[in-house]
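The values are calculated or read from the model by the stated rules, or taken from the named source; none is laboratory data. Owing to the predicted nature of the structure, the values given are computational and were not obtained by experimental measurement. Every residue, glycine as well, gets a Cβ built from its backbone with ideal geometry; the counts of neighbours run over all protein chains shown.
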Ligand code: SF4
Ligand code: SF4
């Protein structure tokens, strides 16, 4: 298939709104959420972009159409585009990134690091989010290392890279700590899990906000007691502000 | 007075906890809060470190004593020390910063930018937070510019610098936008105001959390509608997590 006719599976495009978590927290962004994931985390909070039961809501879109939508939403004012999913790394996003950078936009991606792409080198921000034991998934550290190699393969810069870990319990915390030790040069972002993720077909479902807050306090206490001062601990701001509502 | 006997007025030293706002949000820090301020903002949320009525709670401490306390709290593991107040710039903090950096600690300060100090150049992070109209205070832009000059006077680096604005209303927003335009190279952090700041002698007073959330949503909407994509919009995380409680 030629690059021009290459389609990208899109679950939703929305924004501008603020990035709710991690390295770019608080920064205005348009989200391009792709459909499909090679993982099935037990607590996935974007099942509507993962489970094939919802694939009738996904659109196979051309790069130019997606790009037109991002420009429309942002009023042609450059900002950071957040590529998320599902796992955006299983989609052919290289042309979209190159297209958008011509117009002065920046690109961030968040992926679990299970698929390496050469276009990682064209990103401005790469967040690798290996999934902890509570997800039920296993990380292939060789592939995660390939992701880092791909991102840094270009001599002229490459993205700012960070590791992000969702932490539900002590085992997840230990996992994050081990993983961080494997990559001592990368900044680490810890995030308490949302144990009441949205059902995929009810984006107004209530979350247990007190429970989310309690997990955040637990995580802060743990990191401080442990004196893991290189870690940054952040909640999912969009969950605090909008609950599980989608498209904000 | 010699440097050795120079005293610093301290309101409180606490942590480690996470930085709740701005450039270093989510990062572990020990707070050194100094006593006294040259401003009297209408909505000051640290009156216990400002109003001379509370100065009997402040201690005149020597640099070595303060430093011992920071080392104790952090278990001798280097982290970022946040110098706050009141206005920390009216205290002689240069020796404390130099002392701490010998031990590998980093230093951040937040000040309104009404007093410039040559030791700003020794900081790792400088947050200048000019006060908007709702505060009832007026900014002297020449002095704020002097603060920037002081911070960048040293050829070897100097701190990362950011502007932070508390926004309560449209007039505050317009002020932030004008001020940001004066310093186009500086990153800008916008923060909704806490309209229910703690009374200085009741650190368990309830805040209006819904009201704080509403102001955050209002601010996000405003920034997005305005397409001010260079701005970062962040709440006061510690207020969301701990309300007005002190020392966390
Ligand atoms: S990797 Fe992400 S999108 Fe995929 S199943 Fe896990 S949480 Fe969901
Ligand atoms: S400058 Fe800060 S500490 Fe001083 S009165 Fe204003 S809000 Fe309070």
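General remarks:
- Filter result (assigned to a helix (DSSP H, G or I) and surrounded by 18 or more Cβ atoms within 10 Å (Cβ to Cβ)) within the range B:113-135: B:119, B:120, B:121, B:122, B:134, B:135
- Total residues in the range B:129-161 satisfying the condition of being in contact with a helix residue (DSSP H, G or I) (Cβ under 6 Å, 6 or more places away or on another chain) and within 16 Å of ligand 2 (Cβ to nearest atom): the figure is 4.
- Screening residue A:194 on (1) in a loop (DSSP other than H, G, I, E, B); (2) more than 13 Å from ligand 1 (Cβ to nearest atom); (3) under 19 Å from the mean Cα position of the chain (by Cα) shows it passes everything except condition (2).
- For the range A:167-175, the criterion of being outside any strand (DSSP E or B) and within 14 Å of chain B (Cβ to nearest Cβ) is satisfied by no residue at all.
- Considering A:110, A:138, the condition of being surrounded by 21 or more Cβ atoms within 10 Å (Cβ to Cβ) and modelled with pLDDT of 95 or more is satisfied by A:110 alone.
- Only residues that are within 16 Å of ligand 2 (Cβ to nearest atom) and more than 21 Å from residue B:24 (Cβ to Cβ) were counted across the range B:113-128, and they come to 3.
- Taken together, the criteria place residue B:88 among residues that are crowded, with 22+ Cβ neighbours inside 10 Å and either within 16 Å of ligand 1 (Cβ to nearest atom) or modelled with pLDDT of 95 or more (or both).
- A residue that is exposed (fewer than 14 other Cβ atoms within 10 Å of the Cβ) and more than 16 Å from ligand 1 (Cβ to nearest atom) occurs somewhere in the range B:183-191.
- Test: residue in the range A:64-83 that is within 16 Å of ligand 1 (Cβ to nearest atom), closer than 21 Å to residue A:128 by Cα and at pLDDT 95 or above: yes
- Strands (runs of 3 or more DSSP E) wholly inside the range A:13-112 containing at least 1 residues that are within 14 Å of chain B (Cβ to nearest Cβ) and away from ligand 2 (no atom under 16 Å from the Cβ): A:28-34, A:80-84, A:106-111
- Residues being touching a strand residue (DSSP E or B) at 6+ places or on another chain (Cβ under 8 Å), without any contact (Cβ under 8 Å) to a residue 60 or more places away in the chain and more than 14 Å from chain A (Cβ to nearest Cβ) are represented in the range B:184-191 by at least one member.
- Condition broken by residue B:195, with the remaining ones in (1) out of contact with any helix residue (DSSP H, G or I) (no Cβ under 7 Å at 6 or more places or on another chain); (2) touching a residue at least 40 places away in the same chain (Cβ under 8 Å); (3) more than 30 Å from residue B:106 (Cα to Cα) satisfied: (1)
Quick grid of which residues meet (1) surrounded by 19 or more Cβ atoms within 10 Å (Cβ to Cβ); (2) away from chain B (no Cβ under 14 Å):
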{"residue": "A:149", "(1), (2)": "no, yes"}
{"residue": "A:152", "(1), (2)": "no, yes"}
{"residue": "A:165", "(1), (2)": "yes, no"}
{"residue": "A:199", "(1), (2)": "no, yes"}
{"residue": "A:211", "(1), (2)": "no, no"}
{"residue": "A:219", "(1), (2)": "yes, no"}
{"residue": "A:236", "(1), (2)": "yes, no"}
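- Hey, residue A:128 touching a residue at least 12 places away in the same chain (Cβ under 8 Å) and within 16 Å of ligand 1 (Cβ to nearest atom) or not: yes
- Extreme residue, nearest to the other protein chains (Cβ to nearest Cβ), among residues of the range A:221-234 that are part of a helix (DSSP H, G or I) and free of Cβ contacts under 8 Å to residues at least 12 places away in the same chain: A:224
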